[in-house]
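The values are calculated or read from the model by the stated rules, or taken from the named source; none is laboratory data. Source: prediction; values computed, not measured. We place every Cβ from the backbone using ideal geometry, glycine too, and count neighbours over all the protein chains shown. To get the accessible areas, we keep the full protein, side chains included, count just its heavy atoms, and leave off ligands, DNA and RNA. Shrake-Rupley method; radii C 1.70, N 1.55, O 1.52, S 1.80 Å.
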Amino acid sequence: LVLLAGCGTRVSLDEPIESQTWRLVSVGTQPAQRDADPQRDAQLQFDGSRVSGSGGCNRVSGPYQRTGHRLTIGPLAATRMACIEPERSAMESSFFAALQATTGYSRLGSQLTLLDDSGRTLAVLDSR
C-alpha cells in the first residue's frame, strides 16, 4: 500500500518486518538484559505466518498476522525451562505478555516498536 503525499513523494504504509532477527531493547520502560553471547538475548524472527525466537531462557513460537501497521501475535507456545537469573525470568515473562498484547507496530530504520490498541509502547526491538 502506497500513499502519495504532497509533491509526489511516496510514503510506504507497509513496513516489512520479516526475514530479520529482532533483538529486544526494552519492554515497557525496562531495558532488556544483554548477554555477552548474543544467542542468549531475547529475540524474534517473523517468517511467513509464524514468529519464533527466545525470551532469553525459553524458546517461543506461534502465529502472527500483519496488515499495514496492524500486527497480532499468538497464541504463543514456549518451552518451560527454568531461568537461573530471576531478573531474566521476569523480563522474559513481561516480553511474552507484551507480544500477546500487541495490536500494532511502527518501524523506523532498524527499530521495531510493538504497540497496544491505544498506541502505547509495549516493547522495542532492534535488527542490528
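In the chain, the longest principal axis of the Cα atoms and the axis of helix 86-101 are about 30 degrees apart. How much length would be gained if the chain were fully extended between residue 82 and residue 15, taking 0.36 nm per residue of separation minus their Cα-Cα distance, in nm to one decimal? Taking residue 82 through residue 15 to full extension adds about 20.6 nm, to one decimal. Leaving out ligands, DNA and RNA, what percent of the accessible area of the chain is carbon and sulfur, probe 1.4 Å? Result for the chain: 54 percent of the exposed heavy-atom area is carbon or sulfur. What shape does the chain take by its C-alpha gyration tensor, where a ≥ b ≥ c are the square roots of the eigenvalues and a/c under 1.5 counts as rounded, a/b above b/c as prolate, and the rest as oblate? In terms of gyration-tensor shape, prolate. Each residue of segment 119-126 was assigned a 3J(HN,Hα) from its phi angle through the Karplus curve 6.51 cos²θ - 1.76 cosθ + 1.60 (θ = phi - 60°); the sequence is x, 6, 6, 9, 7, 10, 10, 9 Hz, with glycine and proline shown as x. Full extension of the segment from residue 118 to residue 65, taken as 0.36 nm per residue of separation minus the current Cα-Cα distance, would add 17.2 nm. Computed over segment 89-128, the alpha-carbon pair-distance distribution with 10 angstrom bins reads 32, 51, 17, each value a whole percent. The accessible area of residue 64, taken with all protein chains in place and a 1.4 Å probe, comes to roughly 10 Å².
For the peptides 20-27, 43-50, the ranking by mean Cβ contacts within 10 Å, running from highest to lowest, is 20-27, 43-50.
Rolling a 1.4 Å probe over the protein heavy atoms gives the chain an accessible area of 57 Å² per residue.
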